[in-house]
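Participant: First the structure, then my questions, so here it is.
The values are calculated or read from the model by the stated rules, or taken from the named source; none is laboratory data. Computed from a predicted model, the values in this text were never measured in an experiment. Quick reminder, even Gly has a Cβ in these numbers, built from the backbone with ideal geometry, and neighbours come from all protein chains shown. Just the protein is used for accessible areas: all its heavy atoms, side chains included, with ligands, DNA and RNA removed. Shrake-Rupley method; radii C 1.70, N 1.55, O 1.52, S 1.80 Å.
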Amino acid sequence: MRQIGLEILKERKSKILSAVIYHYIKTGKPVGSNALIEEYNISLSSAAVRNLMADLEKEGFLSHPHTSAGRIPTDKGYRAYVDTLVKLQNFAIEEEAKLKKEYERKHNETEAILSETSRILSCLSQYTGFVVAPKTQYDVIKNIELVQISNEELLVVLLTQSGIVKHKRVKIFLTQVQINKLRNFLNDKLRGISAAQANKRILLEIKNFRQNEAVILDAAEKIGDVFYNIQDDVYVDGTSNVVTVENFNDFEPVKSLIRFNEDKEKFIKIINKDFSSTGINVKIGSENTLAELKDLSVVTNVYKCDKCAVGVLGIIGPKRMEYEKMMSLVNKVSEMLNNFFKNKK
């Protein structure tokens with residue numbers, strides 16, 4: 001009998017916690033026992049609900065601001081709520097149709113699609129949407145082009161299988177004959193491998209160069225360093241959306257997002273920590289590594305090219321967000337991007 005009692009108690013606490021979070025997401029206001037009973041069909045006495053809420057507060061799932069009798073969820077409470085989501089809600093039919101229509105309208109350019117994807121995430125969530133471009137280090141090399149743009153600089157242009165184009169200047173001068181030899185060498189040795197493998201492959205293969213090709217050998221080594229130091233891009237849209245959220249008065253996280261948008265390398269470094277994750281990843285408030293994000297939640301998912309994860313996308317918004325809908329949005333958009341890269345092959 002005792003065990004049954006514990007299970008019932010656990011079930012009641014879960015229902016109370018879900019109701020508090022749902023109420024706070026919708027209204028942004030603390031909720032008391034009477035409101036829970038009246039609005040969420042909880043068949044318990046007011047005293048019983050108050051006791052359960054007090055237990056949830058002691059356990060760290062709820063808190064109450066100032067002298068208010070009502071409770072609000074903590075980061076731990078949100079986490080418990082998110083972890084109990086068994087299935088993601090599907091989009092409303094009109095939202096999914098809109099999403100597909102946006103993709104069909106766009107031309108088949110990877111950069112345009114990634115930029116449009118961040119805009120779609122922002123538009124449908126009304127928060128900040130972002131897409132980290134395919135990680136070049138894991139992308140497969142499709143072609144390499146070399147162009148002498150001055151007496152001091154050679155432009156190295158890299159095209160990857162996912163359609164990303166990277167270019168970087170290297171301080172080298174070569175004759176056209178030398179450029180042709182180097183281009184042929186690089187494409188012959190590097191096509192079909194990842195950019196992460198390119199630098200090591202170059203260092204191994206240049207030993208096969210003839211000694212009188214020292215200039216080309218030196219150029220190949222410098223280009224190898226280019227592959228080693230390639231930086232990824234990130235597309236961010238709707239940074240200012242967070243400040244329009246009702247009852248969101250702390251401008252500091254918004255300033256943080258603006259700084260991220262200006263400092264893309266820092267943004268990418270933080271978001272790419274989710275690159276090895278499988279499925280939807282949710283970080284709530286203090287679970288984020290940066291103090292500036294302590295009042296925000298970040299929902300991410302990876303997207304793939306040829307069954308291999310190559311990038312991360314997601315949204316950044318307040319902790320008081322509709323998690324089911326946001327998780328479903330991020331999941332649906334990642335599937336769309338997966339299909340884009342699949343059809344691009």
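Participant: For region 253-301, give me each residue that is open to solvent by 70 Å² or more (accessible area, probe 1.4 Å), modelled with pLDDT of 65 or more and of a type in the set (Lys, Arg).
Facilitator: Lys264, Lys266, Lys269, Lys273, Lys294 - these are the residues of region 253-301 that are open to solvent by 70 Å² or more (accessible area, probe 1.4 Å), modelled with pLDDT of 65 or more and of a type in the set (Lys, Arg).
Participant: If Val310 meets every condition in (1) open to solvent by 10 Å² or more (accessible area, probe 1.4 Å); (2) at pLDDT below 85; (3) of a type outside the set (Lys, Arg) apart from one, which number is that one?
Facilitator: It is condition (1) that Val310 fails.
Participant: Show the residue pairs that are 6+ apart or on different chains and have beta-carbon atoms under 6 Å apart, the first residue being within region 169-198 and part of a helix (DSSP H, G or I), the second being buried (at least 17 other Cβ atoms within 10 Å of the Cβ) and hydroxyl-bearing (Ser, Thr, Tyr).
Facilitator: Listed by first residue and then by second, the contacts come to Ala195/Thr136.
Participant: Let me ask you something else. Are there helices (runs of 4 or more DSSP H) fully within region 5-115 with at least 3 residues that are within 30 Å of Cys305 (Cβ to Cβ) and modelled with pLDDT of 80 or more? List them. Full working, then the answer.
Facilitator: Details: elements: 33-39, 46-58, 75-83, 93-105.
Answer list for region 5-115: none.
Participant: Between residues in region 62-83 that are over 21 Å from Glu287 (Cβ atoms) and residues that are basic (Lys, Arg), which pairs lie under 8 Å by C-beta distance while being six or more apart or on different chains?
Facilitator: Short answer, once both residue conditions are applied: His64/Arg71; Gly70/Lys29.
Participant: Keeping to region 124-140, report how many residues are modelled with pLDDT of 85 or more, closer than 17 Å to Glu111 by Cα and more than 13 Å from the chain's Cα centre (by Cα).
Facilitator: Residues flagged as modelled with pLDDT of 85 or more, closer than 17 Å to Glu111 by Cα and more than 13 Å from the chain's Cα centre (by Cα) within region 124-140 amount to 0.
Participant: A further question follows. Looking only at region 147-163, count every residue that is touching a residue at least 60 places away in the same chain (Cβ under 8 Å) and of a type outside the set (S, T, N, Q) and tell me the total.
Facilitator: 4
Participant: Taking Met327, is it under 12 Å from the mean Cα position of the chain (by Cα) and touching a residue at least 60 places away in the same chain (Cβ under 8 Å)?
Facilitator: yes
Participant: Being over 25 Å from Leu293 (Cβ atoms) and either open to solvent by 50 Å² or more (accessible area, probe 1.4 Å) or of a type in the set (Phe, Trp, Tyr) (or both) is true for just one of Ser43, Ser33. Which residue is that?
Facilitator: Only one candidate qualifies: Ser43.
Participant: I'd like the full set of residues that are open to solvent by 40 Å² or more (accessible area, probe 1.4 Å) and closer than 17 Å to Lys76 by Cα, limited to region 19-30.
Facilitator: Once the filter is applied, which keeps residues that are open to solvent by 40 Å² or more (accessible area, probe 1.4 Å) and closer than 17 Å to Lys76 by Cα, region 19-30 yields Tyr22, Tyr24, Pro30.
Participant: Conditions first: (1) crowded, with 20+ Cβ neighbours inside 10 Å; (2) among the hydrophobic types (A, V, I, L, M, F, W, C); (3) at pLDDT below 85. Val157 passes all but one, so which condition is the exception?
Facilitator: Going through (1) crowded, with 20+ Cβ neighbours inside 10 Å; (2) among the hydrophobic types (A, V, I, L, M, F, W, C); (3) at pLDDT below 85 one by one, Val157 breaks only (1).
Participant: Just one of (1) within 12 Å of the chain's Cα centre (by Cα); (2) under 29 Å from Pro73 (Cβ atoms) trips up Gly311, so point out which.
Facilitator: (2)
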